[in-house]
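Asks: Have a look at this one before I ask anything.
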Amino acid sequence: EQLRRDATTDELTGVANRRHFLALAQAAVTQARDMRSPLMITMLDLDGLKAINDTFGHAGGDAALVAFADVLAASLRDVGPSVGALAPAVLGRVGGDEFALLLPGYDSESGFDVVEGLRQVVEDSPMDFDGAAVILTFSAGVASIDGGDDSLEAILARADSALYRAKRKGRNRVILARPERPEP
């Protein structure tokens with residue numbers, strides 16, 4: 001059990017690690033495509049991690065990552081699965097300050113609402129570090145299976161593109177990916 005946990009869990013935050021998240025996401029995309037069920041993936045970046053590291057050191061940055069993951073995970077338990085969801089929601093850390101969220105059973109609009117709610121909860125949950133209240137925010141890009149190229153790579157690319165639009169627009173926002181439509 002410990003070996004399985006070590007192989008699938010991000011050591012710092014306790015959420016799914018990159019490899020495990022991508023394996024679960026691939027399985028969910030295949031199942032959603034086969035069952036013609038909605039599926040949404042979000043890419044999230046914790047805003048301002050460098051500033052937190054510069055102010056509080058790397059221990060502060062690590063604490064921010066842990067607090068961020070904890071708030072998201074707790075909030076996702078409150079959200080619960082969508083009606084007809086084929087699998088539970090999965091949160092994973094896929095890079096330094098980058099996380100990904102898999103929401104089976106949600107299309108991009110309902111998923112957008114969930115992620116916007118998470119954004120507000122995170123912003124309203126300051127982290128205490130050495131007596132200082134640190135407000136955490138994130139930027140996110142939301143993408144779903146849309147009838148165009150619905151491979152995992154394509155969905156992740158659309159979510160990532162929307163994430164970078166959110167960052168360019170000033171951070172602390174959620175952007176819905178533009179759907180790709182097949183050529184007639």
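The values are calculated or read from the model by the stated rules, or taken from the named source; none is laboratory data. All values derive from a computational prediction rather than experimental measurement. Every residue, glycine as well, gets a Cβ built from its backbone with ideal geometry; the counts of neighbours run over all protein chains shown. Protein only, heavy atoms only, side chains kept; ligands, DNA and RNA dropped before computing areas. Shrake-Rupley method; radii C 1.70, N 1.55, O 1.52, S 1.80 Å.
Asks: Counting only protein heavy atoms and a 1.4 Å probe, tell me what percentage of the chain's accessible area is made up of carbon and sulfur. List each step's numbers first, then the result.
Replies: Details: 4820 of 9250 Å².
Answer for the chain is 52 percent, counting heavy atoms of protein chains only.
Asks: Still on this structure: So how much slack lies between Asp128 and Arg18, counting 0.36 nm per residue of separation and subtracting their Cα-Cα distance, in nm?
Replies: On the way: separation 110, 0.36 × 110 = 39.60 nm, distance 2.73 nm.
So the chain would gain 36.9 nm between Asp128 and Arg18.
Asks: When the chain is treated as a GNM, springs tying every alpha-carbon pair under 10 Å, which of Arg33, Arg119, Arg168 comes out with the largest mean-square fluctuation?
Replies: Judging by the Gaussian network model, the answer is Arg168.
Asks: Classify segment 31-135 from the C-alpha gyration tensor, please: rounded if a/c falls under 1.5, else prolate or oblate depending on whether a/b exceeds b/c.
Replies: Working: a/c = 2.98, a/b = 2.28, b/c = 1.31.
Cα axes put segment 31-135 in the prolate bin.
Asks: Among Ile52, Ile155, Ile41, which one moves the most in a GNM of the chain with springs linking Cα atoms closer than 10 Å?
Replies: Ile52
Asks: For segment 91-183, with the dipole built from +1 on Lys and Arg beta-carbon atoms and -1 on Asp and Glu ones, taken about the Cα centre, which of Val122, Tyr164, Ala143 lies farthest toward the positive end?
Replies: Checked the options; the winner is Tyr164.
Asks: Any idea what angle helix 18-35 forms with the longest principal axis of the chain, computed on alpha-carbon atoms, 0 to 90 degrees, nearest 10?
Replies: 30 degrees
Asks: Hey, how many Å between the Cα centroid of segment 84-124 and the Cα centroid of segment 61-79?
Replies: So the two Cα centres are separated by 12 Å.
Asks: Right, another one. If I compute log10 I(q)/I(0) by the Debye sum over Cα atoms at q = 0.14, 0.19, 0.20 Å⁻¹ from the structure I just sent, which labelled value in (i) -0.84, -1.21, -1.30; (ii) -0.93, -1.28, -1.33; (iii) -0.73, -1.29, -1.40 lines up?
Replies: Correct label is (iii).
Asks: Rolling a 1.4 angstrom probe over the protein chains, ignoring ligands and nucleic acids, what is the accessible area of Met35 in square angstrom, nearest 10?
Replies: Per-residue accessible area (Met35): approximately 120 Å².
Asks: Sticking with this structure for a sec: Give me the angle, in degrees from 0 to 90, between the Cα long axis of helix 108-123 and the longest principal axis of the Cα atoms of the chain, rounded to the nearest 10.
Replies: Helix 108-123 and the main axis of the chain meet at about 0 degrees.
Asks: Where the only charges are on Cβ atoms (+1 Lys, Arg; -1 Asp, Glu), what is the dipole of the chain about its Cα centre, to the nearest 20 debye?
Replies: 360 debye
Asks: Would you tell me the accessible area of Asp124, worked out with a 1.4 angstrom probe on the heavy atoms of the protein chains, in Å² to the nearest 10?
Replies: Counting only protein heavy atoms, the figure is 100 Å².
Asks: Another question about this same structure. Of Arg173, Arg4, which has the most accessible area and how do the rest follow, probe 1.4 Å? Walk me through the intermediate numbers first.
Replies: Working: Arg173 85, Arg4 130 Å².
Ranked from most to least accessible, the order is Arg4, Arg173.
Asks: How many angstrom separate the Cα center of segment 126-141 from the Cα center of segment 15-58?
Replies: When both Cα centres are located, 19 Å separates them.
Asks: Looking at the chain as a GNM with Cα springs under 10 Å, which of Ala32, Ala143, Ala159 has the largest mean-square fluctuation?
Replies: Ala32
Asks: If I ignore ligands, DNA and RNA and count only protein heavy atoms, how much of Phe56 is accessible to a 1.4 Å probe, in Å² to the nearest 10?
Replies: We get 60 Å² for Phe56.
Asks: For helix 49-79, what angle does its Cα long axis make with the longest principal axis of the chain, in degrees from 0 to 90 and rounded to 10?
Replies: With both axes taken from Cα atoms, the answer is about 50 degrees.
Asks: Full-extension gain between Glu116 and Gln31, please, as 0.36 nm times their residue separation minus the C-alpha to C-alpha distance. Can you show the working numbers first?
Replies: Working: separation 85, 0.36 × 85 = 30.60 nm, distance 2.58 nm.
Residue separation times 0.36 nm, minus the Cα-Cα distance, leaves 28.0 nm.
Asks: Do you know the relative contact order of segment 8-140, to the nearest whole percent, from alpha carbon pairs under 8 angstrom that are 6+ apart? Mind showing how you got there, number by number?
Replies: Details: 205 pairs, mean separation 43.4, N = 133.
It rounds to 33 percent for segment 8-140.
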